[in-house]
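A.B. asks: Handing you a structure now.
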Number of protein chains: 2
Amino acid sequence: MSTSKIYLEIVKHLRVMISNNGLKPGDKIPSERDLSERLDVGRSSVREALRALELLGLIETKKGEGTFLRDFRGNQLVQILSTFILQDEKAKRDVFETKYIIEIDCLRLALKRIDRKNIVKLRNWITKIESFEDDEFFYQIILLADNHLFLRIWLILKDYYYSLVQTPPKYKREDYLFLLEALEEKNEELTVAAYWKLRNLSV
Amino acid sequence: MSTSKIYLEIVKHLRVMISNNGLKPGDKIPSERDLSERLDVGRSSVREALRALELLGLIETKKGEGTFLRDFRGNQLVQILSTFILQDEKAKRDVFETKYIIEIDCLRLALKRIDRKNIVKLRNWITKIESFEDDEFFYQIILLADNHLFLRIWLILKDYYYSLVQTPPKYKREDYLFLLEALEEKNEELTVAAYWKLRNLSV
DNA sequence: ATGAAATAGTGGTCAGACCACAATTTTTCT
DNA sequence: AGAAAAATTGTGGTCTGACCACTATTTCAT
């Protein structure tokens, strides 16, 4: 039944194991030899599964210590994928477009769910911190949007984006403040307009 | 220099090889034993690299035949990550929300790029075909939006959506026609409103 | 107690051996 | 000669056993 691809079966088993045992990022998973014995498969098959997950950034291996769950963000994965995928200009345009649109989507969501406390916190952060990064700002926004899928998609898009632009543009601090004001007023139209201004996009 | 992780070195080599030889999707890449010999590494290391690329959907292996490049434009990245992420119940709400929002995004994009010919074609299709499906309609819309990333993301969301709802709701045919009218007028506000009406969503 | 040395556990890699499968080539039969 | 059958070759899939390098733990001498 299992048919081909033992390593894919192992990936499945690992998922179940992680889920059942409630393993979290940073936790250690069983050793390769242990898994090999438990699942009754060769160690090489276990390694094929683990290397695949490692390339995805889902686990991290430390020689002499073991294998650990990662709080995965894009790592080398994106570099690899981007050189494979982002070849034509059309694909690049799609990355930019999609990133922008999803950022606006998350602004709309955040607008509904944000409260004054969040606004104040963000404002303080922007004004106080010497050099703050655009992606850090939108990371906070997307957390406020409270949609895990958008977060994951955005993290990937962000990495694609940075693999495409050599020098990320520097945006004006005041524009972030405009954006926050619009959010505070819960004015959707104004929020979108502020985003366009920030990004120097034409309507 | 090479430092650890032979399999990552092999991934790099493969990228260069593909690039230099101008390999395209469908083309065959050297056999595992061949690569092992050429790069002077063990076959198991080659396999670890290949399995990682396979899980990413970049290559395809056929027993008895060989390993081939895949059409990686439809990479499974999001899908793989999703299957790891979409485990809890909270994620369920996110699937619905994200699917709806992205459909609206694509309506907005389609609105800019659509022309009368497309409208007529869609209208004829809706009115003539006895039973047409909601996802078929939006598939057409998203094609018109002309954004490959959104298409990929939506296709995945659609599958998750249908795995979450037991009986897909049946929408009113007239509401699709309203939507098309709004698109034809290139009225964004009206289009979004028509979408809400179609989906029976409150504002 | 303290620090050094031995030990055990772990990932990293390789080599060799089968198996199952597909394509090709060779042989055999009509 | 032509077609069917059989052997051969090449490939991915898997397992086993063996080292190596590194880390953490334990043991032991001081």
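A.B. asks: Every residue in the stretch A:149-194 that is hydroxyl-bearing (S, T, Y), surrounded by fewer than 19 Cβ atoms within 10 Å (Cβ to Cβ) and more than 14 Å from chain B (Cβ to nearest Cβ), please.
C.D. replies: Residues satisfying the conditions are A:Y162, A:T167, A:Y171.
A.B. asks: Continuing with this model, one more query. So which residues in the stretch B:31-54 are of a type in the set (K, R) and near DNA strand C (Cβ under 7 Å from one of its atoms), if there are any at all?
C.D. replies: Within the stretch B:31-54, B:R43 is the sole residue that qualifies.
A.B. asks: A follow-up question, please. Looking only at the stretch B:1-30, how many residues end up being in a helix (DSSP H, G or I), within 12 Å of DNA strand C (Cβ to nearest atom) and farther than 16 Å from B:R70 by Cβ?
C.D. replies: Within the stretch B:1-30, residues that are in a helix (DSSP H, G or I), within 12 Å of DNA strand C (Cβ to nearest atom) and farther than 16 Å from B:R70 by Cβ number 5.
A.B. asks: Let me ask something else. Would you check which residues across the stretch B:109-143 are open to solvent by less than 50 Å² (accessible area, probe 1.4 Å) and under 21 Å from A:I101 (Cβ atoms) and list them?
C.D. replies: Result: B:L109, B:A110, B:L111, B:I114, B:N118, B:D135, B:F137, B:F138, B:I141, B:I142.
A.B. asks: Starting from the stretch B:38-67, keep only residues that are on the phi > 0 side of the Ramachandran plot, then list their pairs with residues that are within 12 Å of DNA strand D (Cβ to nearest atom) and modelled with pLDDT of 90 or more whose Cβ atoms are within a distance under 8 Å, requiring at least 6 positions of separation or different chains.
C.D. replies: Short answer, once both residue conditions are applied: B:G66/B:K28; B:G66/B:I29; B:G66/B:S31.
A.B. asks: Hey, another quick one. Against the conditions (1) at negative phi; (2) buried (at least 17 other Cβ atoms within 10 Å of the Cβ), where does A:D146 fall short? Just the number, please.
C.D. replies: Result: A:D146 passes all but (1).
A.B. asks: Next question. Would you pick out the residues in the stretch B:96-146 that are free of Cβ contacts under 8 Å to residues at least 40 places away in the same chain and not in a helix (DSSP H, G or I)?
C.D. replies: B:D115, B:I129, B:E130, B:S131, B:F132, B:E133, B:D146
A.B. asks: If you go through the stretch A:7-43 one residue at a time, how many are near DNA strand D (Cβ under 8 Å from one of its atoms), within 10 Å of another protein chain (Cβ to nearest Cβ) and open to solvent by 70 Å² or more (accessible area, probe 1.4 Å)?
C.D. replies: 1
The values are calculated or read from the model by the stated rules, or taken from the named source; none is laboratory data. Small disclaimer: the values here were computed from a predicted structure and weren't measured. As a convention, Cβ positions derive from the backbone with ideal geometry for all residues, glycine included, and neighbour counts pool all protein chains shown. Protein only, heavy atoms only, side chains kept; ligands, DNA and RNA dropped before computing areas. Shrake-Rupley method; radii C 1.70, N 1.55, O 1.52, S 1.80 Å.
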